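Here is the structure we will look at, set down as structure tokens.
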Amino acid sequence: MEEKGTEWLVFAVHRLVSWGASAAMIFGGVVPYIPQYRDIRRTQNADGFSVYVCLMLLVANILRILFWFGRHFESPLLWQSIIMIVTMLLMLKLCTEVRVANDLNTKRRLFSDFDMNYFWHWSRFTDYMQCVLAFTAVTGYITYLSLDSVLYVETLGFLAVFTEAMLGVPQLYRNRQNNSTEGMSIKMVLMWTSGDTFKTAYFILNQAPFQFTICGLLQVLVDVAILLQVYIYSVYPQKPVSHTTHATSAKAL
């Protein structure tokens, strides 16, 4: 009787840990953006945050959801993608509203202009939505036609996780361009690092597709590189790079 009680306790603890890990995977990815969202909302300035991060995460998670139709993986990873897409849209909405409110240029840039010089620098949130929906429709249709191709499905999975692994690169480049990490939430990057480390361990322990593990490790390396920038620019401050008005409005988002 005592042995059965011990087995039940071990089983209950295992299930509790499993549920906790799944919950961390689902919601942990969006936590780093909470301090950045609050900072932008408080200061009404989004110059320190690159919304190309939003672009890369939207692309990565849309592709990951499409990959699921060709090769099913764990449900927590699927739900993580859905929640991340919603989060990135909220970040985009806030950044667009703040930028437009601070922009003295009265000319509005629209997705329907098809001007590549202003790609992902539009004046309305609805233009970003149009772009996301168009991308989803095109890639969804191609995936529907190619689901029988193992090569296509595996390539889709690799592109999904590789794009996500590179999400820190726009922020890395922006910091280097500004010779500063001012305006970037250090809490966000620390949470990126801890979250990506946990996520990579989760991939390994749960035998996720190999693409997930490789790109998870790459993502951790990018996070560490950004933290090195924080250290270097704080210990050896450099003169900020001045930008023209056009460049500032273009690169701010």
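Quick look at the values:
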item: Selection count, the stretch 211-235, where residues are among the charged types (D, E, K, R) and open to solvent by 30 Å² or more (accessible area, probe 1.4 Å); result: 0
item: Pairs, first touching a residue at least 24 places away in the same chain (Cβ under 8 Å) and hydroxyl-bearing (Ser, Thr, Tyr) in the stretch 120-146, second open to solvent by 20 Å² or more (accessible area, probe 1.4 Å) and outside any helix (DSSP H, G or I), C-beta under 6 Å, six or more apart; result: 123/108; 123/109
item: Options 41, 64; residue that is outside any loop (DSSP other than H, G, I, E, B) and either in contact with a Cys (Cβ under 8 Å, 6 or more places away or on another chain) or open to solvent by 40 Å² or more (accessible area, probe 1.4 Å) (or both); result: 41
item: Long-range neighbours under 7 Å by Cβ, at least six apart or interchain, first residue open to solvent by less than 100 Å² (accessible area, probe 1.4 Å) within the stretch 1-22, second assigned to a helix (DSSP H, G or I) and modelled with pLDDT of 70 or more; result: 21/202; 22/76
item: Any chance residue 36 is at pLDDT 85 or above and over 16 Å from the mean Cα position of the chain (by Cα); result: no
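The values are calculated or read from the model by the stated rules, or taken from the named source; none is laboratory data. As the structure is a computational prediction, the values presented were derived from the model and not from experiment. All Cβ positions, even for glycine, are placed from backbone atoms using ideal geometry, and neighbour counts span all protein chains on display. Only protein heavy atoms, including side chains, enter the accessible area calculation; ligands, DNA and RNA are left aside. Shrake-Rupley method; radii C 1.70, N 1.55, O 1.52, S 1.80 Å.
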